[in-house]
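What follows is calculated from the coordinates using simple rules that are stated; it is not laboratory data. What you are looking at is a predicted structure, and each value in this text was computed from that prediction instead of being measured. For neighbour counting, all protein chains shown are included, and Cβ atoms are generated from backbone atoms with ideal geometry for every residue, glycine included.
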Amino acid sequence: MALLNNRHVSRRFGEIKAVDDVCLSIEGGEFFTLVGPSGCGKTTLLRLIAGFDEPDAGELLLDVQPLVGIPPEKRPVHTVFQSYTLFPHELSGGQKQRVALARAADQVAG
Ligand SMILES: Nc1ncnc2c1ncn2[C@@H]1O[C@H](COP(=O)(O)OP(=O)(O)OP(=O)(O)O)[C@@H](O)[C@H]1O
Ligand SMILES: [Mg+2]
């Protein structure tokens, strides 16, 4: 079985179907890129995988373990955020990205 499996995952916000019956399998070591127009549900899906939000329906499995209900800090899933949430500083764009990567790597190690 693939490392990450999304089975019929849905998340609605009122009338908006942000994620609608998404099935997705990603193998271990696979480099996977999620591309789509603004508002198509990419961030919502990543938030569901990371555990910052829960699906209304469907199943999320990581290495056959169900993820739904497990808090984000207990999931072996790490996120480099679009906004770096760093103090205003002199850091360059590339330096900020390296801080974000180091922070995600620290979560893996710690
Ligand atoms: N917390 C929320 N409450 C209400 N609607 C939301 C919420 N989060 C996302 N949405 C809506 O769900 C849809 C998907 O949003 P999402 O942020 O997942 O899109 P996206 O693909 O990441 O877009 P972008 O490429 O612009 O970042 C949009 O219509 C958005 O307005
Ligand atoms: Mg987004």
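Looking only at strands (runs of 3 or more DSSP E) that fall completely inside the range 1-76, which ones have 2 or more residues that are surrounded by 14 or more Cβ atoms within 10 Å (Cβ to Cβ) and either touching a residue at least 60 places away in the same chain (Cβ under 8 Å) or of a type in the set (S, T, N, Q) (or both)? Please lay out each step first, then the result.
On the way: elements: 4-13, 16-26, 57-62.
So the answer is 4-13.
Any idea which residue in the range 77-98 is surrounded by the most Cβ atoms within 10 Å (Cβ to Cβ), counting only those that are out of contact with any helix residue (DSSP H, G or I) (no Cβ under 7 Å at 6 or more places or on another chain) and within 23 Å of T43 (Cα to Cα)?
That would be K96.
Residue by residue, here is whether (1) under 25 Å from A2 (Cα atoms); (2) more than 16 Å from ligand 1 (Cβ to nearest atom) holds:
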site	(1), (2)
V35	yes, no
S38	no, no
K42	yes, no
L48	yes, no
I70	yes, yes
K74	yes, yes
V77	yes, yes
G93	no, yes
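Could you please find all residues in the range 11-64 being more than 19 Å from V80 (Cβ to Cβ) and acidic (D, E)?
Answer for the range 11-64, where residues must be more than 19 Å from V80 (Cβ to Cβ) and acidic (D, E): E15, D20, D21, E27, E54, D56, E59, D63.
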